[in-house]
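Enquirer: Before I ask anything, let me first share the structure, which is written out below as structure tokens.
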Amino acid sequence: MSKFPKDFLWGGAVAANQLEGAYDVGGKGLTIADVLPGGKKRLEMLVNNTVPLDIDKTKYTYPNHEGIDFYHKYEGDIALFAEMGFKTFRTSISWARIFPNGDESTPNEEGLKFYDRLFKECKKHKIEPLVTISHFELPLALTKNYGGWKNRKLIGFFENYCKTIFERYKGLVKYWLTFNEINIALMAPMMTLGLFADINTKDGAKDIFTGIHNQMVASAIAVKLCHKIIPDAKIGNMQILSPIYPYSCDPKDVIKAKLEEQFFSYYCTEVMARGKYAPFSNRIWEDYGAKPDIQPEDFKILQDGTIDFISFSYYKSSTEKAEKDSTRGKGDIMNRVQNPHLPRSAWDWEIDPIGLRVAMNDIYGRFGLPVFIVENGLGANDKVEKDGSINDDYRIDYLRQHISSMAEAIRDGVECMGYTTWGCIDLVSAGTGELAKRYGFIYVDKHDDGSGTQERKPKKSFYWYKKVIESNGENLD
Ligand code: BGP
């Protein structure tokens, strides 16, 4: 008997801005993602608040402007996902295809039609779309004209956007997620909140806490609206989940790791799952010397709009110690201490399958809501052999170990709705804007220098994942 429930949602995940391309086609407005330059400097810009807000092709490249041209090639790609047996496909709607500046009252019909076609294509292949409403794709005009999410006006614009897409896609989309990786705003506020702020300054912390608060209010409004418009829908949050281990059993390290984890992993989900701020939030606001601007009516809104399930990305665990030192990892946005027990990927991310079991048990134990793993995968340099094959055994290995660990967590009693691997087809990386960091089961002939035919080619992992799905997770060989 499979450890996975029989209706387990196996599939893959992507985001509009990382694969659609066609960044200025069909009446689409610009988003934050469209002004983010490609290359390793991107992460620095995001963390140091130096993202240029205008496109400058003389200085930078923008691989996501073309992406993998999913906008025009989605039919073939979905057929390939269907061949692997996907039960679900996670993608996002680009807000600026529907409302180019984010604040219009009437939607752009051409944008709506694109997603009509896309979701119908999924349904044709019996694939349930799992749709992220906002995945690092804030319309740029909302940053330029309103200062991003610290401005409460965005709550109303988001509500209008949600109402429009729920009404339009109610017969096609049953599973929804509100804000992708909402907690990443604590480190890279431009990515999700569309604003520059440094959490280590009082003003910066105020903007970040207020921006996140406004998003959580907007998310609660969306949950309520979704239940009203699509009664059989399920709508969840989406956060990064990375358990934070103490570097040693020195109680100073233990308390440091625990408090960091409490803040990073649970600050938002406490509100979104329980409808109110956790008691520890006051201490956080005290320590940062700033509180979010909260309106009296928000408390009821948050209470009335709690999520149906918790979704998260899991790539790696993190490690913390009380003392600051130079062993901190350079590759990722979290900049934590290096764990000497774990191997690291070519992009310097820890590889820790057991961490997924830890994370699943922790979050399920805390909230008791079903969980959905909506991102997990390995970014790697893939090589096309002379005979055209791509032998990505390292990816198979990574996924095999993580799926085994997920199965253990299910045996531990965790209720898990599904698993969508990140970047089921090669796409542009969010953190570094590269195409070279490949995650897919499907290779795409497109490169960072702009060359490539956009031809698709199944990798070895494609055939492996097909067997995994066919056997409902029993055959991982
Ligand atoms: C998450 C994002 C995704 C995705 C993934 C992998 O943070 O939700 O959009 O890209 O991480 O990260 P990267 O693309 O930087 O390798």
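Enquirer: If we scan region 372-386, do we find a residue that is charged (D, E, K, R), touching a helix residue (DSSP H, G or I) at 6+ places or on another chain (Cβ under 7 Å) and away from the ligand (no atom under 12 Å from the Cβ)?
Expert: Quick first cut of region 372-386, residues charged (D, E, K, R) only: 375, 382-383, 385-386.
Going one step further and asking which of them are touching a helix residue (DSSP H, G or I) at 6+ places or on another chain (Cβ under 7 Å), we end up with none.
No; the residues of region 372-386 include none that is charged (D, E, K, R), touching a helix residue (DSSP H, G or I) at 6+ places or on another chain (Cβ under 7 Å) and away from the ligand (no atom under 12 Å from the Cβ).
Enquirer: Is it true that L154 is farther than 26 Å from K228 by Cα, aliphatic (A, V, I, L, M) and touching a residue at least 12 places away in the same chain (Cβ under 8 Å)? Break it down stepwise before answering.
Expert: Values: farther than 26 Å from K228 by Cα: no; aliphatic (A, V, I, L, M): yes; touching a residue at least 12 places away in the same chain (Cβ under 8 Å): yes.
So L154 does not fit the description; no.
Enquirer: Moving on. From the list I240, I333, I351, I301, exactly one residue is under 23 Å from the mean Cα position of the chain (by Cα), surrounded by 19 or more Cβ atoms within 10 Å (Cβ to Cβ) and either within 16 Å of the ligand (Cβ to nearest atom) or of a type in the set (A, V, I, L, M, F, W, C) (or both). Which is it? Even if it seems obvious, please write down each step before you answer.
Expert: On the way: I333 fails: surrounded by 19 or more Cβ atoms within 10 Å (Cβ to Cβ); I351 fails: surrounded by 19 or more Cβ atoms within 10 Å (Cβ to Cβ); I301 fails: under 23 Å from the mean Cα position of the chain (by Cα).
Criteria check complete, one pass: I240.
Enquirer: Output the residues belonging to region 128-163 that are farther than 18 Å from Q215 by Cβ and either touching a helix residue (DSSP H, G or I) at 6+ places or on another chain (Cβ under 8 Å) or of a type in the set (K, R) (or both).
Expert: The answer is E128, P129, K144.
Enquirer: Test of understanding: among K316, K386, which residue is surrounded by 22 or more Cβ atoms within 10 Å (Cβ to Cβ), in a loop (DSSP other than H, G, I, E, B) and modelled with pLDDT of 95 or more?
Expert: On the way: K386 fails: surrounded by 22 or more Cβ atoms within 10 Å (Cβ to Cβ).
Among K316, K386, only K316 is surrounded by 22 or more Cβ atoms within 10 Å (Cβ to Cβ), in a loop (DSSP other than H, G, I, E, B) and modelled with pLDDT of 95 or more.
Enquirer: So which residues in region 154-187 are part of a loop (DSSP other than H, G, I, E, B) and over 20 Å from S92 (Cα atoms)?
Expert: If the condition is that a residue be part of a loop (DSSP other than H, G, I, E, B) and over 20 Å from S92 (Cα atoms), then M187 is the only one that fits.
Enquirer: Regarding I230, is this residue surrounded by fewer than 24 Cβ atoms within 10 Å (Cβ to Cβ) and more than 20 Å from I363 (Cα to Cα)?
Expert: Details: surrounded by fewer than 24 Cβ atoms within 10 Å (Cβ to Cβ): yes; more than 20 Å from I363 (Cα to Cα): yes.
Yes, satisfied.
Enquirer: Could you tell me how many of the residues in region 435-455 are in a loop (DSSP other than H, G, I, E, B), surrounded by 19 or more Cβ atoms within 10 Å (Cβ to Cβ) and touching a residue at least 60 places away in the same chain (Cβ under 8 Å)?
Expert: Total meeting the criteria: 5.
Enquirer: Return yes or no: is T269 under 19 Å from V223 (Cα atoms), surrounded by 15 or more Cβ atoms within 10 Å (Cβ to Cβ) and of a type in the set (S, T, N, Q)? Even if it seems obvious, please write down each step before you answer.
Expert: Numbers: under 19 Å from V223 (Cα atoms): yes; surrounded by 15 or more Cβ atoms within 10 Å (Cβ to Cβ): yes; of a type in the set (S, T, N, Q): yes.
Yes.
Enquirer: Do we find a residue being more than 27 Å from E434 (Cβ to Cβ) and buried (at least 23 other Cβ atoms within 10 Å of the Cβ) anywhere in region 132-144?
Expert: Scanning region 132-144 turns up no residue that is more than 27 Å from E434 (Cβ to Cβ) and buried (at least 23 other Cβ atoms within 10 Å of the Cβ).
Enquirer: Condition first: in a loop (DSSP other than H, G, I, E, B) and under 26 Å from A15 (Cα atoms). Now tell me which residues in region 229-274 satisfy that.
Expert: Initial filter on region 229-274 (in a loop (DSSP other than H, G, I, E, B)): 230-233, 237-238, 241-243, 247-250.
Listed by number, the residues that qualify are I230, P231, D232, A233, N237, M238, L241, S242, P243.
Enquirer: Looking at (1) within 15 Å of the ligand (Cβ to nearest atom); (2) outside any loop (DSSP other than H, G, I, E, B); (3) more than 30 Å from S471 (Cβ to Cβ), find the lone condition where R90 falls short.
Expert: Going through (1) within 15 Å of the ligand (Cβ to nearest atom); (2) outside any loop (DSSP other than H, G, I, E, B); (3) more than 30 Å from S471 (Cβ to Cβ) one by one, R90 breaks only (3).
Enquirer: Can you find a residue that is out of contact with any Phe, Trp or Tyr (no Cβ under 8 Å at 6 or more places or on another chain), over 26 Å from Y443 (Cβ atoms) and not in a helix (DSSP H, G or I) anywhere in region 93-101?
Expert: Quick first cut of region 93-101, residues out of contact with any Phe, Trp or Tyr (no Cβ under 8 Å at 6 or more places or on another chain) only: 94, 96, 100-101.
Narrowing further to those that are over 26 Å from Y443 (Cβ atoms): 96, 100-101.
With the extra rule that they be not in a helix (DSSP H, G or I), the set shrinks to 100-101.
The answer is yes; a qualifying residue exists.
Enquirer: Determine which single condition E320 fails, assuming it passes every other condition in (1) closer than 30 Å to N151 by Cβ; (2) touching a helix residue (DSSP H, G or I) at 6+ places or on another chain (Cβ under 8 Å).
Expert: Failed condition: (1).
Enquirer: Look through Y419, Y465, Y398 and report the one residue that is touching a residue at least 24 places away in the same chain (Cβ under 8 Å), assigned to a helix (DSSP H, G or I), within 16 Å of the ligand (Cβ to nearest atom) and under 23 Å from the mean Cα position of the chain (by Cα).
Expert: Details: Y419 fails: assigned to a helix (DSSP H, G or I); Y465 fails: within 16 Å of the ligand (Cβ to nearest atom).
Result of the check over Y419, Y465, Y398: Y398.
Enquirer: Could you tell me which numbered condition D207 fails, if it satisfies all but one of (1) at negative phi; (2) within 16 Å of the ligand (Cβ to nearest atom); (3) surrounded by 24 or more Cβ atoms within 10 Å (Cβ to Cβ)?
Expert: For D207, the failing item is (2).
Enquirer: Within region 35-53, which residues are under 20 Å from H135 (Cα atoms) and either more than 15 Å from the ligand (Cβ to nearest atom) or assigned to a loop (DSSP other than H, G, I, E, B) (or both)?
Expert: V35, L36, P37, G38, G39, N49, V51, P52, L53
Enquirer: Sticking with this one: Considering region 9-39 alone, what residues qualify as being surrounded by fewer than 24 Cβ atoms within 10 Å (Cβ to Cβ) and over 20 Å from the mean Cα position of the chain (by Cα)?
Expert: A22, D24, V25, G26, G27, G29
Enquirer: Could you list, in sequence order, the residues of region 32-91 that are of a type in the set (V, I, T) and under 21 Å from I333 (Cα atoms)?
Expert: Matches in region 32-91: I32, V35, V47, T50, V51.
Enquirer: Further question: So which pairs qualify, if the first residue must be in region 15-29 and in contact (Cβ under 8 Å) with a residue 60 or more places away in the chain, the second must be near the ligand (Cβ under 10 Å from one of its atoms) and assigned to a helix (DSSP H, G or I), the Cβ gap must be under 8 Å, and the two must be at least 6 apart or on different chains?
Expert: Taking only residues 6 or more apart or on different chains, the pairs are N17/A33; Q18/A33.
Enquirer: Going by the structure shown, is M190 among the aliphatic types (A, V, I, L, M), away from the ligand (no atom under 16 Å from the Cβ), under 18 Å from the mean Cα position of the chain (by Cα) and modelled with pLDDT of 95 or more?
Expert: Working: among the aliphatic types (A, V, I, L, M): yes; away from the ligand (no atom under 16 Å from the Cβ): no; under 18 Å from the mean Cα position of the chain (by Cα): yes; modelled with pLDDT of 95 or more: yes.
Here the answer is no, as M190 does not meet what is asked.
The values are calculated or read from the model by the stated rules, or taken from the named source; none is laboratory data. These numbers come from a predicted model, not from an experiment. Backbone-built Cβ (ideal geometry, glycine too); neighbour counts: all protein chains shown.
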